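Undergrad: The following block contains the structure, expressed as structure tokens.
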Amino acid sequence: MAKNLVIVESPAKAKTIEGFLGADYIVKSSFGHVRDLPMKGLHVDIENGYLPTYEVSADKKDVIKELTQLATKADVVWLATDEDREGEAISWHLFEALGLEQAKVKRIVFHEITKPAIMKAIASPRGIDLNLVEAQQARRVLDRLVGFELSPILWKKIKPSLSAGRVQSVAVRLIVEREREIKQFKGSPFFKAKAIFELERDGEKVGLHAELPQKLEVLQDAQKFLEECRQAVFSISNLETKPASKSPSAPFTTSTLQQEASRKLGFSVAQTMMVAQRLYESGKITYMRTDSVNLSETAISSAAVEIGRLYGTEYIESRQYTTKSKGAQEAHEAIRPTYLQKKEVEGDRNEQRLYDLIWKRTIASQMSNAKLERTTATIDISTSEHHLVAKGEVIKFDGFLKVYHEGTDQEDEEEQSGMLPPLSVGQVLQLDQLTATQRFPLHPPRYTEASLVKKMEELGIGRPSTYAPTISTIQKREYVVKESREGEERKYTVLTLTNGEITQAEKTEMAGSEKAKMFPTDIGMVVNDFLLEHFGDILDYHFTAKIEKQFDEIAEGQKQWDRMIDEFYGPFHTDVSKTIEHSEKATGERILGKDPVSGKQVSVRIGRYGPMVQIGTADEEEKPKFASLRKEQRLEDITLEDALELFKLPRTVGSFEGHEIVANVGRFGPYVRHDGKFVSLKEDDPLSITGERAIEVILEKRKADKERVIKTFDQDAEVQILKGRWGPYLVQGKNNFKIPKEKVPEELTFEECMEIIANAPVKKTAKKAAPQKAAPKKSASKKAASKGKKK
């Protein structure tokens with residue numbers, strides 16, 4: 001039996017580390033967290049220092065059993081979980097759940113999974129850092145208190161099954177406020193004038209592009225400017241050439257990696273973290289949850305060697321960056337390749353793409369500045385007080401740009417200026433074309449997942465380990481949706497001056513399209529408004545950042561965790577009591593007007609099953625009529641006309657095979673119903689779909705269903721072999737069964753199918769694990785928990 005048991009969080013990490021250690025070590029995975037607060041109930045003892053009660057997760061009982069047996073036989077147990085607060089807390093929970101003795105436990109940390117890093121960690125072990133454990137425990141307890149007390153208020157005052165969270169609710173607020181900024185945005189269109197001059201260079205004709213620096217406010221201004229230029233002489237009045245330089249960005253932090261992977265690779269925040277974790281656990285990059293831009297001296301010198309080898313010594317410029325993000329807490333390195341000499345790695349395509357991004361960003365951070373030359377030419381107009389400007393940029397030395405160009409969130413960014421043709425002061429220019437194009441001001445951009453992370457980091461809300469879970473949670477709760485939306489056709493005017501003649505044309509363009517942006521839902525907006533009215537502190541950006549700073553102080557041993565919770569909980573609980581007692585029900589109701597047929601009031605609000613339109617009121621003798629809003633409709637901007645259209649559903653659109661076809665909208669979107677069966681409408685509008693088109697949709701659905709069926713059996717119509725997303729599977733009624741790999745689905749007999757069904761494993765009902773107090777015995781963890789008891 002191995003003398004040393006090393007415990008990490010993941011099997012991939014275990015496999016990598018096991019390759020570095022000898023026969024005296026066995027490396028096992030805890031498969032993530034092993035204990036937590038039970039799902040249902042509070043499980044925080046408010047009267048006794050907010051002491052939490054933990055339980056071993058039902059799916060981890062077998063893991064704990066195996067680890068306990070191995071720990072009993074081992075001489076030393078090495079807790080090698082991640083080096084941040086969450087990792088420290090996992091080590092502490094393992095210590096407790098396994099009933100370990102302090103004398104045989106050693107805690108080791110490393111920010112990269114390489115043999116030197118592992119051996120160095122083993123040579124310098126430490127104890128569990130109880131300050132980090134308490135900081136994580138404080139976060140968990142505080143979030144449970146907030147969720148436990150706020151959620152029932154939302155059920156009562158808005159809609160059942162809602163929930164609230166401290167950081168998540170603030171993230172929703174950012175998205176709601178941005179949406180309202182956009183709705184209220186009013187910008188006047190203007191005209192932008194651009195000119196193309198024709199010059200000769202080396203016997204060839206080239207174009208010089210210039211523009212009027214000022215906006216022309218209205219059509220008359222644009223017409224007047226072009227009229228002035230009809231007979232004008234254009235000449236170069238000034239040429240200014242200045243040297244400039246560009247510096248590379250710092251190496252990646254969690255936040256900047258998420259932003260750049262979103263811009264350049266199209267990854268969601270969660271996807272970035274999942275791929276980065278695989279790279280880290282297989283030893284290819286350093287730890288992926290960090291807000292540090294620091295690089296080790298070894299990494300800096302290694303980068304210099306690689307840059308010199310690949311690009312030449314003139315490209316080397318070693319730098320050490322300092323972290324400027326609000327509330328930065330992690331002491332380890334930025335995200336970088338563990339071995340900078342490895343330009344590429346094995347793995348799936350996404351791993352290779354993300355690694356390539358990390359390698360380039362790290363290498364570029366240690367390269368020379370790019371040296372540029374920027375030229376500005378001022379062009380006089382003989383018949384106007386205005387002047388045009390042409391700008392050019394020449395890269396004299398590419399420096400870090402040889403390897404890496406940083407992405408940007410600016411959707412309206414102008415293209416990079418190129419090199420200007422040879423020009424001289426006094427030179428007369430031949431105008432080829434002058435245009436004044438109507439442009440429209442851009443509203444503030446909606447958040448992408450990555451730009452939301454950037455904003456949260458700027459405000460000090462959340463930490464590297466919380467960005468991805470926060471963004472996933474607000475989408476799962478359906479307070480926010482991430483989607484792309486088509487723009488609308490927009491007309492614009494273009495004036496053109498060519499050969500002394502001015503023409504005016506009306507053109508069209510698609511404007512306002514959105515790609516993978518964050519939109520608040522009606523529920524999200526109503527919940528946000530309610531929480532903002534009654535729990536302003538919880539949603540206050542500065543207050544939330546202050547709470548994060550207090551977690552940092554606990555982690556540094558400067559603040560006692562239970563006192564911090566107490567300072568928060570007192571005022572918060574008072575607000576909860578007041579809100580339960582005095583607040584009105586929140587539905588986001590808007591009165592739209594009167595129904596022209598009945599004369600009754602038409603309103604929109606949140607109902608039990610979501611946003612809906614209502615004709616009539618509850619106090620009238622006749623019951624109100626209701627209709628659900630369609631997916632693309634919103635409480636805040638639906639019109640009376642749109643609302644009344646919804647009451648035209650359900651509508652009979654025709655008949656087929658002796659049965660009526662009815663179009664309608666349900667909880668899951670628009671559909672047609674025929675002979676008791678429902679067929680979703682993906683492209684058709686239920687208000688305008690014809691009987692002929694409805695029959696086509698029904699037949700298309702039948703064909704698709706038929707193609708799913710691989711095999712049926714006369715003995716029992718409920719037994720079928722179907723095609724699924726992940727391959728063929730067996731069905732009996734509503735139950736699905738895996739087909740063994742060695743079986744060919746098309747060749748299975750009815751008897752073989754029944755045998756597979758009979759031998760299928762019975763789904764276990766999870767038994768409730770025995771709850772455990774935070775610190776049941778005198779141990780390293782007792783100290784951590786005992787601080788939580790009130791004196």
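Undergrad: Non-local amide H neighbours of I661 (under 5 Å, H modeled in plane, Pro and chain starts lacking H): which ones?
TA: V653, G654, S655, F656
Undergrad: List every residue whose amide H lies under 5 Å from the amide H of L51, counting only residues 5 or more places away in sequence or on a different chain, with H placed 1.01 Å from N in the peptide plane.
TA: Result for L51 returns D45.
Undergrad: Any chance you could look up the accessible area of D45 with a 1.4 Å probe, heavy atoms only, rounded to 10 Å²?
TA: 50
Undergrad: Could you give the alpha-carbon Rg of the range 496-645 over 2.2 N^0.38 Å, rounded to two decimals? Write out the running numbers ahead of the final one.
TA: Details: Rg = 25.0 Å, N = 150, 2.2 N^0.38 = 14.8 Å.
Expressed relative to 2.2 N^0.38 Å, the Cα Rg reads 1.69.
Undergrad: Cα centroids of the range 50-66 and the range 691-761: how far apart, whole angstrom?
TA: Value for the Cα centre distance between the two parts: 39 Å.
Undergrad: Something else: Under a cut-off of 17 Å between alpha-carbon atoms, report the aspartates and glutamates in cross-link reach of K482, not counting same-chain residues fewer than 8 places apart.
TA: E177, E179, D409, E449, E514, D522, E632
Undergrad: Starting from the Cα of K242, draw a straight line to each of the lysines and keep only those under 28 Å, dropping any in the same chain fewer than 8 residues away.
TA: Cα-Cα hits under 28 Å: K192, K194, K205, K215, K371, K391, K396, K402.
Undergrad: If I compute Rg and Dmax of the Cα atoms in Å from the structure I just sent, which labelled value in (1) 31.0, 99; (2) 47.5, 165; (3) 32.8, 97 lines up?
TA: Among (1) 31.0, 99; (2) 47.5, 165; (3) 32.8, 97, the one derived from this structure is (3).
Undergrad: Could I ask something else about it? Counting Lys +1, Arg +1, Asp -1, Glu -1, what net charge surrounds G266 among other residues with beta carbon under 12 Å of its beta carbon?
TA: Details: positive: R263, K264, R353, K515; negative: E260, E449.
Once positives and negatives cancel, what remains is +2.
Undergrad: Just to verify a number: FRET efficiency for T68 and K40, C-beta to C-beta distance, R0 = 22 Å, to 0.05? Each step should come with its number before you reach the end.
TA: On the way: r = 26 Å, r/R0 = 1.20.
So the FRET efficiency works out to roughly 0.25.
Undergrad: May I ask you to order 368-374, 595-601 by the average number of other C-beta atoms within 10 Å around their residues, highest value first? Before the final figure, lay out each step's value.
TA: Details: 368-374: 16.9, 595-601: 12.6.
Per-residue Cβ counts within 10 Å, averaged per peptide and sorted highest first, yield 368-374, 595-601.
Undergrad: Right, something else. Count neighbours as other Cβ atoms within 10 Å of each site's Cβ, and list the chymotrypsin sites (Phe, Trp or Tyr not before Pro) in the range 607-677 that are DSSP loop with at most 10 such neighbours.
TA: Values: sites: Y609, F626, F647, F656, F668, Y671; in loops: Y609, F668.
Hits after loop and neighbour filter: F668.
Undergrad: Pairs of alpha-carbon atoms within less than 8 angstrom and 6+ residues apart define the contacts here; what relative contact order does the range 1-66 have, in percent? Don't jump to the answer; show the numbers that get you there.
TA: Numbers: 81 pairs, mean separation 17.9, N = 66.
Here the relative contact order equals 27 percent.
Undergrad: Under 20 Å between alpha carbons, and skipping anything fewer than 8 positions from K65 in its own chain: which aspartates and glutamates qualify?
TA: Within the straight-line cut-off, K65 pairs with E9, D36, E55, D75, E96, E101.
Undergrad: Compute the separation of the alpha-carbon centres of the range 510-580 and the range 260-321 and state it in Å as a whole number.
TA: 33
Undergrad: If you don't mind, there's one more thing I want to ask. If one puts a single equal scatterer on every Cα of the range 232-314 and applies the Debye formula without solvent, what log₁₀ I(q)/I(0) results at q = 0.10, 0.14, 0.19, 0.24 Å⁻¹?
TA: Log10 I(q)/I(0), no solvent term: -0.44, -0.68, -1.03, -1.23.
Undergrad: May I ask you to evaluate 6.51 cos²θ - 1.76 cosθ + 1.60, the Karplus curve with θ = phi - 60°, for each residue of the range 360-374 and list the ³J(HN,Hα) values in order in whole Hz, giving x for glycine and proline?
TA: 5, 5, 5, 4, 4, 4, 10, 10, 5, 4, 7, 9, 10, 10, 10
Undergrad: Sticking with this one: Amide H of T323: which non-local residues (sequence gap of 5 or more, or other chain) have their own amide H closer than 5 Å, using H built in the peptide plane?
TA: It is V293, by chain and number.
Undergrad: Over the chain, with every protein chain in place, what whole percent of the accessible area is carbon and sulfur at 1.4 Å, could you tell me?
TA: On the way: 20200 of 41140 Å².
After summing per-atom areas, the C and S share lands at 49 percent.
Undergrad: Arrange the peptides 87-95, 156-164, 9-17 so that the one whose residues have, on average, the most other Cβ atoms within 10 Å appears first. Kindly include the intermediate steps, with their values, before the conclusion.
TA: On the way: 87-95: 24.9, 156-164: 17.1, 9-17: 19.0.
Output ranking for 87-95, 156-164, 9-17: 87-95, 9-17, 156-164.
Undergrad: So what's the range 631-771 giving for Rg/Rh, alpha carbon basis, Kirkwood Rh from the mean inverse pair distance?
TA: Details: Rg = 21.4 Å, Rh = 18.8 Å.
Checking Rg against Rh, the ratio lands at 1.14.
Undergrad: Dimensions of the range 170-260 along principal axes (Cα, Å, largest first)?
TA: Here the Cα extents, ordered largest to smallest, are 59, 40, 23 Å.
Undergrad: Here's another thing I want to ask about it. Go through the range 637-650 residue by residue and turn each phi into a ³J(HN,Hα) via Karplus (6.51, -1.76, 1.60, θ = phi - 60°); whole Hz please, and just put x for glycine and proline.
TA: Residue by residue, the range 637-650 yields 10, 5, 9, 4, 4, 5, 5, 5, 4, 5, 7, 7, 9, x Hz.
Undergrad: Considering only C-alpha atoms, what is the centroid distance from the range 358-400 to the range 586-637, in Å?
TA: Going from one Cα centre to the other spans 57 Å.
Undergrad: May I ask you to evaluate 6.51 cos²θ - 1.76 cosθ + 1.60, the Karplus curve with θ = phi - 60°, for each residue of the range 585-600 and list the ³J(HN,Hα) values in order in whole Hz, giving x for glycine and proline?
TA: Computed from phi, the couplings for the range 585-600 are 5, 10, 10, x, 5, 10, 8, 8, x, 10, 6, x, 7, 9, x, 7 Hz.
The values are calculated or read from the model by the stated rules, or taken from the named source; none is laboratory data. A quick note: this is a predicted structure, and the numbers were derived from the prediction, not measured. Cβ coordinates were reconstructed from backbone atoms using ideal geometry, including for glycine residues, and neighbour counts include every protein chain displayed. Note: accessible area is taken over every heavy atom of the protein model, side chains too, but ligands, DNA and RNA are not part of it. Shrake-Rupley method; radii C 1.70, N 1.55, O 1.52, S 1.80 Å.
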